[in-house]
Amino acid sequence: MSAKSPGPNEHFLKVYRGKFRAWRGSRPFWAGLLTILGGVPIAYLPYGNIKLGNLTLALATTAGAGSLIIGVLLMVLGLTMWFQVHTRVFAGVAAILLALVSLVVSNIGGFLIGFLLALIGGALGIAWGEPGSVPAKGAKGRPGRAPEPAVAGGPNGVDGASAADDLSGTSPVDGTNGRHRAG
């Protein structure tokens, strides 16, 4: 074995790193991570004690149970964004609402740290799109532009359409002039 040949662990780590990168790229990973990290200070601070030298600072409040519930729900919503990708919009909206409620219930949202992390995580969860949903750079049409209107006499136009192309059952041949009737 020479000094330049890779050891068996290098290949092992590359394989798992590649699998993790593929898994991470197929879901709103950072949204879930920020939401989970936002739930930790919200749930922990009402029950934790901070030691400053010989001084112990207890942050226990009467709303400690509410803080624990909000923090645990935020952590669950972060995991939901990871493992149930199709519910990411619901999880993102719920995370934003819980972050807003945590301002009132749990020590100003975990001293604003948990509030901001959960708020940004929820927003990222809503904004995340499937990796294949963005059209390619050279694809026909430009993103953000409306499609071209149908031209009269063209293949999709008013004059060029036939009754067989109309799937609504309300073609001008029926005398309804393209409008639906109520009864």
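Nothing in this text is a laboratory measurement; each read-out follows from the coordinates by a stated rule. Being a predicted model, the structure only gives us computed values, none of them experimental. All Cβ positions, even for glycine, are placed from backbone atoms using ideal geometry, and neighbour counts span all protein chains on display.
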**Asked** Amide H to amide H, which residues 5 or more places from Tyr47 or on other chains are under 5 Å from it, using H placed in the peptide plane?
**Response** none
**Message:** Give me the one-decimal nm value for the distance between modelled label points at Lys51 and Ala65, 7 Å along each residue's Cα-to-Cβ direction.
**Reply:** 3.0
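Determine the gain in length on full extension of the stretch Arg17-Gln84; use 0.36 nm per residue of separation and subtract their C-alpha separation, reporting nm with one decimal.
Difference between extended and current length: 22.0 nm.
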**Prompt:** Which FRET efficiency value, to the nearest 0.05, is calculated for Ala58 and Leu97 with the Förster distance at 22 angstrom and r the Cβ-Cβ distance?
**Reply:** 0.15
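Within a Cβ distance under 14 Å of Met81, other residues only, what is the Lys/Arg minus Asp/Glu net charge? Provide the component values of the computation, followed by the final result.
Details: positive: Arg24, Arg27, Arg88; negative: Glu130.
In short, +2.
Ile126: net charge of surrounding residues, Cβ under 15 Å, Lys/Arg +1, Asp/Glu -1, itself excluded? Can you show the working numbers first?
Values: positive: Arg27, Arg88; negative: Glu130.
My count for the surroundings of Ile126 gives +1.
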